[in-house]
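Below is one structure, written out as C-alpha coordinates; comments come after it.
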Amino acid sequence: MKSTGNTILITGGGSGIGEALAHRFHDLGNTVVIAGRRQDALERSIAGRANMHALAVDVDSQGGITDFAKRVLSDFPALNVLINNAGIMRFEKLDRARDLSDAEETITTNLLGPIRMIDALIDHLVAQPDAAIVNVTSGLAFVPLTTTPTYNATKAAIHSYTIAMREALMGRVEVIELAPPAVQTGLTPGQENREGYLPLEAFADEVIDLFRDQPTPKEILVKQVGFLRFAEAEGRFDQTLVQLNDFVAKVSGH
(Lines give C-alpha, C1' and ligand atoms only; values in the text may rest on other atoms or scores of the structure.)
Protein backbone atom coordinates (compact mmCIF):
# COMPACT_ATOMS: atom_id res chain seq x y z
CA MET A 1 0.00 0.00 0.00
CA LYS A 2 1.42 3.36 -0.94
CA SER A 3 1.64 5.77 2.00
CA THR A 4 0.71 9.01 0.24
CA GLY A 5 -1.53 10.20 -2.57
CA ASN A 6 -4.46 7.97 -1.58
CA THR A 7 -8.09 8.78 -0.93
CA ILE A 8 -8.79 6.83 2.26
CA LEU A 9 -12.09 6.03 3.97
CA ILE A 10 -11.82 5.17 7.68
CA THR A 11 -14.89 3.96 9.56
CA GLY A 12 -15.05 4.74 13.25
CA GLY A 13 -12.83 7.72 12.51
CA GLY A 14 -14.25 10.13 15.07
CA SER A 15 -12.30 8.83 18.06
CA GLY A 16 -9.68 6.40 19.29
CA ILE A 17 -7.62 4.35 16.85
CA GLY A 18 -9.61 5.51 13.83
CA GLU A 19 -9.08 9.19 14.59
CA ALA A 20 -5.38 8.76 15.40
CA LEU A 21 -4.72 6.89 12.16
CA ALA A 22 -6.81 9.34 10.16
CA HIS A 23 -4.66 12.23 11.36
CA ARG A 24 -1.44 10.38 10.60
CA PHE A 25 -2.49 9.33 7.12
CA HIS A 26 -3.64 12.89 6.49
CA ASP A 27 -0.25 14.20 7.65
CA LEU A 28 1.40 11.95 5.04
CA GLY A 29 -0.45 13.70 2.22
CA ASN A 30 -3.58 11.60 1.78
CA THR A 31 -7.16 12.76 1.33
CA VAL A 32 -8.96 11.20 4.29
CA VAL A 33 -12.69 10.65 4.76
CA ILE A 34 -13.77 9.62 8.25
CA ALA A 35 -17.12 8.01 8.89
CA GLY A 36 -19.10 7.28 12.03
CA ARG A 37 -22.42 7.65 13.77
CA ARG A 38 -21.86 11.04 15.40
CA GLN A 39 -21.39 13.96 13.05
CA ASP A 40 -20.30 16.25 15.90
CA ALA A 41 -17.40 13.97 16.84
CA LEU A 42 -16.40 13.63 13.20
CA GLU A 43 -16.41 17.39 12.73
CA ARG A 44 -14.14 17.85 15.74
CA SER A 45 -11.71 15.33 14.29
CA ILE A 46 -11.36 17.11 10.96
CA ALA A 47 -11.27 20.67 12.32
CA GLY A 48 -8.51 22.72 10.73
CA ARG A 49 -7.46 20.00 8.29
CA ALA A 50 -7.84 20.58 4.56
CA ASN A 51 -8.56 17.46 2.51
CA MET A 52 -10.02 15.71 5.54
CA HIS A 53 -13.76 15.11 5.39
CA ALA A 54 -16.55 13.72 7.57
CA LEU A 55 -19.60 11.69 6.59
CA ALA A 56 -22.12 10.14 8.96
CA VAL A 57 -22.94 6.45 8.51
CA ASP A 58 -24.98 3.85 10.37
CA VAL A 59 -22.81 0.74 10.08
CA ASP A 60 -25.52 -1.34 11.75
CA SER A 61 -27.88 -0.95 8.80
CA GLN A 62 -27.56 -2.58 5.38
CA GLY A 63 -29.59 0.24 3.88
CA GLY A 64 -27.51 2.84 5.68
CA ILE A 65 -24.28 1.38 4.32
CA THR A 66 -25.65 1.12 0.78
CA ASP A 67 -26.75 4.75 0.86
CA PHE A 68 -23.45 5.82 2.40
CA ALA A 69 -21.43 4.04 -0.30
CA LYS A 70 -23.32 5.90 -3.00
CA ARG A 71 -22.67 9.23 -1.28
CA VAL A 72 -18.98 8.63 -0.64
CA LEU A 73 -18.28 7.46 -4.19
CA SER A 74 -20.20 10.42 -5.62
CA ASP A 75 -18.19 12.87 -3.52
CA PHE A 76 -14.85 11.02 -3.66
CA PRO A 77 -14.59 9.04 -6.89
CA ALA A 78 -10.83 8.59 -6.40
CA LEU A 79 -11.41 6.52 -3.25
CA ASN A 80 -8.89 3.66 -3.31
CA VAL A 81 -8.38 2.63 0.33
CA LEU A 82 -10.96 1.36 2.83
CA ILE A 83 -10.04 0.95 6.49
CA ASN A 84 -12.72 -0.96 8.41
CA ASN A 85 -12.15 0.24 11.96
CA ALA A 86 -15.60 0.80 13.51
CA GLY A 87 -16.31 -1.57 16.38
CA ILE A 88 -17.82 -2.02 19.82
CA MET A 89 -16.78 -4.14 22.79
CA ARG A 90 -19.26 -5.30 25.44
CA PHE A 91 -18.71 -7.32 28.59
CA GLU A 92 -20.90 -10.44 28.84
CA LYS A 93 -21.48 -13.19 31.38
CA LEU A 94 -21.63 -16.72 30.02
CA ASP A 95 -22.59 -18.58 33.20
CA ARG A 96 -26.30 -17.75 33.03
CA ALA A 97 -29.07 -17.10 30.51
CA ARG A 98 -29.07 -13.45 29.54
CA ASP A 99 -30.40 -10.77 27.23
CA LEU A 100 -28.46 -11.31 23.99
CA SER A 101 -28.79 -7.72 22.78
CA ASP A 102 -25.11 -6.96 23.41
CA ALA A 103 -24.00 -10.07 21.54
CA GLU A 104 -26.28 -9.33 18.60
CA GLU A 105 -25.21 -5.68 18.39
CA THR A 106 -21.54 -6.69 18.52
CA ILE A 107 -21.98 -9.14 15.65
CA THR A 108 -23.87 -6.56 13.60
CA THR A 109 -21.30 -3.81 14.09
CA ASN A 110 -18.03 -5.76 14.16
CA LEU A 111 -18.73 -8.52 11.65
CA LEU A 112 -21.66 -7.63 9.41
CA GLY A 113 -20.59 -3.98 9.28
CA PRO A 114 -17.22 -4.58 7.59
CA ILE A 115 -18.63 -7.32 5.34
CA ARG A 116 -21.42 -5.01 4.18
CA MET A 117 -19.07 -2.05 3.69
CA ILE A 118 -16.65 -4.14 1.62
CA ASP A 119 -19.52 -5.48 -0.47
CA ALA A 120 -20.85 -1.97 -1.10
CA LEU A 121 -17.46 -0.70 -2.30
CA ILE A 122 -15.76 -3.73 -3.85
CA ASP A 123 -16.85 -3.15 -7.46
CA HIS A 124 -15.36 0.33 -7.25
CA LEU A 125 -12.16 -0.73 -5.47
CA VAL A 126 -11.22 -3.51 -7.89
CA ALA A 127 -11.23 -0.92 -10.66
CA GLN A 128 -8.92 1.51 -8.82
CA PRO A 129 -5.13 1.65 -9.08
CA ASP A 130 -3.25 1.07 -5.81
CA ALA A 131 -6.41 -0.15 -4.06
CA ALA A 132 -6.28 -1.56 -0.55
CA ILE A 133 -8.62 -2.83 2.15
CA VAL A 134 -7.48 -2.77 5.77
CA ASN A 135 -9.51 -4.71 8.34
CA VAL A 136 -8.91 -3.89 11.99
CA THR A 137 -9.12 -6.99 14.15
CA SER A 138 -7.57 -7.48 17.62
CA GLY A 139 -5.04 -9.49 19.55
CA LEU A 140 -8.14 -11.02 21.15
CA ALA A 141 -8.83 -12.78 17.85
CA PHE A 142 -5.96 -15.10 18.80
CA VAL A 143 -6.29 -15.40 22.59
CA PRO A 144 -9.76 -14.62 23.96
CA LEU A 145 -10.73 -12.46 26.89
CA THR A 146 -13.42 -14.53 28.61
CA THR A 147 -15.49 -11.49 29.62
CA THR A 148 -15.87 -10.27 26.00
CA PRO A 149 -16.65 -13.52 24.16
CA THR A 150 -18.66 -12.12 21.26
CA TYR A 151 -16.12 -9.36 20.61
CA ASN A 152 -13.34 -11.95 20.45
CA ALA A 153 -15.40 -14.12 18.12
CA THR A 154 -16.16 -11.27 15.69
CA LYS A 155 -12.50 -10.33 15.49
CA ALA A 156 -11.48 -13.95 14.91
CA ALA A 157 -14.08 -14.12 12.16
CA ILE A 158 -12.77 -10.96 10.49
CA HIS A 159 -9.24 -12.38 10.70
CA SER A 160 -10.39 -15.44 8.77
CA TYR A 161 -12.46 -13.34 6.35
CA THR A 162 -9.41 -11.18 5.66
CA ILE A 163 -7.28 -14.20 4.77
CA ALA A 164 -9.92 -15.38 2.30
CA MET A 165 -10.24 -11.89 0.83
CA ARG A 166 -6.48 -11.60 0.40
CA GLU A 167 -6.43 -14.74 -1.74
CA ALA A 168 -9.56 -13.84 -3.70
CA LEU A 169 -8.36 -10.30 -4.51
CA MET A 170 -4.67 -11.05 -5.05
CA GLY A 171 -3.22 -8.87 -7.77
CA ARG A 172 -6.20 -6.53 -7.77
CA VAL A 173 -6.69 -5.18 -4.23
CA GLU A 174 -4.13 -5.34 -1.44
CA VAL A 175 -5.71 -6.78 1.72
CA ILE A 176 -4.13 -5.97 5.07
CA GLU A 177 -5.01 -6.89 8.64
CA LEU A 178 -4.30 -4.53 11.53
CA ALA A 179 -4.45 -6.36 14.88
CA PRO A 180 -4.05 -4.00 17.84
CA PRO A 181 -3.19 -5.03 21.39
CA ALA A 182 -5.01 -3.40 24.31
CA VAL A 183 -4.76 0.34 23.58
CA GLN A 184 -5.73 3.30 25.74
CA THR A 185 -8.94 4.36 23.98
CA GLY A 186 -12.60 4.80 24.91
CA LEU A 187 -13.55 1.33 23.64
CA THR A 188 -14.63 0.32 27.16
CA PRO A 189 -15.26 2.50 30.23
CA GLY A 190 -12.04 3.66 31.89
CA GLN A 191 -9.79 2.24 29.18
CA GLU A 192 -8.31 5.62 28.15
CA ASN A 193 -5.85 5.60 31.06
CA ARG A 194 -5.74 1.91 31.98
CA GLU A 195 -2.40 0.73 33.34
CA GLY A 196 -0.53 -1.66 31.08
CA TYR A 197 -2.47 -0.73 27.94
CA LEU A 198 -0.48 0.80 25.09
CA PRO A 199 -0.85 4.62 24.88
CA LEU A 200 -2.84 5.57 21.80
CA GLU A 201 -0.27 7.97 20.35
CA ALA A 202 2.57 5.46 20.71
CA PHE A 203 0.42 2.79 19.07
CA ALA A 204 -0.52 5.03 16.15
CA ASP A 205 3.10 6.08 15.60
CA GLU A 206 4.25 2.46 15.47
CA VAL A 207 1.41 1.50 13.16
CA ILE A 208 2.08 4.26 10.66
CA ASP A 209 5.77 3.31 10.55
CA LEU A 210 4.73 -0.25 9.66
CA PHE A 211 2.39 1.00 6.94
CA ARG A 212 5.30 2.90 5.41
CA ASP A 213 7.35 -0.30 5.05
CA GLN A 214 7.61 -1.53 1.47
CA PRO A 215 6.15 -3.93 0.74
CA THR A 216 3.48 -3.29 3.35
CA PRO A 217 3.19 -6.26 5.73
CA LYS A 218 0.04 -8.30 5.22
CA GLU A 219 -0.44 -8.09 8.99
CA ILE A 220 0.27 -4.82 10.79
CA LEU A 221 1.44 -5.94 14.22
CA VAL A 222 2.95 -3.59 16.78
CA LYS A 223 5.48 -5.22 19.07
CA GLN A 224 3.13 -5.46 22.06
CA VAL A 225 0.50 -7.57 20.26
CA GLY A 226 2.99 -10.36 19.52
CA PHE A 227 2.32 -11.78 23.00
CA LEU A 228 -1.19 -12.72 21.82
CA ARG A 229 -0.71 -13.13 18.07
CA PHE A 230 2.00 -15.78 18.34
CA ALA A 231 0.93 -17.54 21.55
CA GLU A 232 -0.36 -20.66 19.83
CA ALA A 233 2.48 -20.88 17.32
CA GLU A 234 5.01 -20.58 20.13
CA GLY A 235 3.34 -23.33 22.21
CA ARG A 236 2.23 -21.09 25.08
CA PHE A 237 -1.48 -20.59 24.35
CA ASP A 238 -2.84 -22.03 27.63
CA GLN A 239 -0.40 -20.02 29.71
CA THR A 240 -1.12 -16.85 27.77
CA LEU A 241 -4.88 -17.34 28.15
CA VAL A 242 -4.51 -17.39 31.93
CA GLN A 243 -2.06 -14.49 32.00
CA LEU A 244 -4.24 -12.31 29.78
CA ASN A 245 -7.42 -12.84 31.75
CA ASP A 246 -5.72 -12.44 35.12
CA PHE A 247 -4.12 -9.19 33.97
CA VAL A 248 -7.33 -7.66 32.61
CA ALA A 249 -9.28 -8.68 35.72
CA LYS A 250 -6.65 -6.97 37.86
CA VAL A 251 -6.53 -3.66 35.98
CA SER A 252 -10.17 -3.36 34.92
CA GLY A 253 -12.25 -5.34 37.38
CA HIS A 254 -13.69 -7.51 34.59
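Values computed for the structure shown
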quantity	calculated
So Asp213, is it among the charged types (D, E, K, R), surrounded by fewer than 20 Cβ atoms within 10 Å (Cβ to Cβ) and out of contact with any helix residue (DSSP H, G or I) (no Cβ under 9 Å at 6 or more places or on another chain)	yes
For Glu105: the one exception among (1) within 25 Å of Gly186 (Cβ to Cβ); (2) buried (at least 21 other Cβ atoms within 10 Å of the Cβ)	(2)
Residues located in segment 1-14, provided they are within 12 Å of the chain's Cα centre (by Cα) and assigned to a loop (DSSP other than H, G, I, E, B)	Gly12, Gly13
Residue among Val136, Val175 that alone is in contact with a strand residue (DSSP E or B) (Cβ under 6 Å, 6 or more places away or on another chain) and within 28 Å of Asp99 (Cβ to Cβ)	Val136
Index of the failed condition, Glu195 passing every other in (1) under 20 Å from Leu21 (Cβ atoms); (2) surrounded by fewer than 17 Cβ atoms within 10 Å (Cβ to Cβ); (3) at pLDDT below 95	(1)
Test: Phe237 is more than 21 Å from the chain's Cα centre (by Cα), under 15 Å from Pro181 (Cβ atoms) and surrounded by fewer than 16 Cβ atoms within 10 Å (Cβ to Cβ)	no
Segment 79-102 - residue that is polar (S, T, N, Q) and either touching a Phe, Trp or Tyr at 6+ places or on another chain (Cβ under 9 Å) or in contact (Cβ under 8 Å) with a residue 60 or more places away in the chain (or both) and, of those, surrounded by the fewest Cβ atoms within 10 Å (Cβ to Cβ)	Asn80
Some residue of segment 31-51 being touching a Phe, Trp or Tyr at 6+ places or on another chain (Cβ under 9 Å) and surrounded by fewer than 22 Cβ atoms within 10 Å (Cβ to Cβ)	yes
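The values are calculated or read from the model by the stated rules, or taken from the named source; none is laboratory data. What you see is a predicted model, and the numbers here were worked out from it, not measured in a lab. Cβ atoms come from the backbone with ideal geometry, glycine included; neighbour counts cover every protein chain shown.
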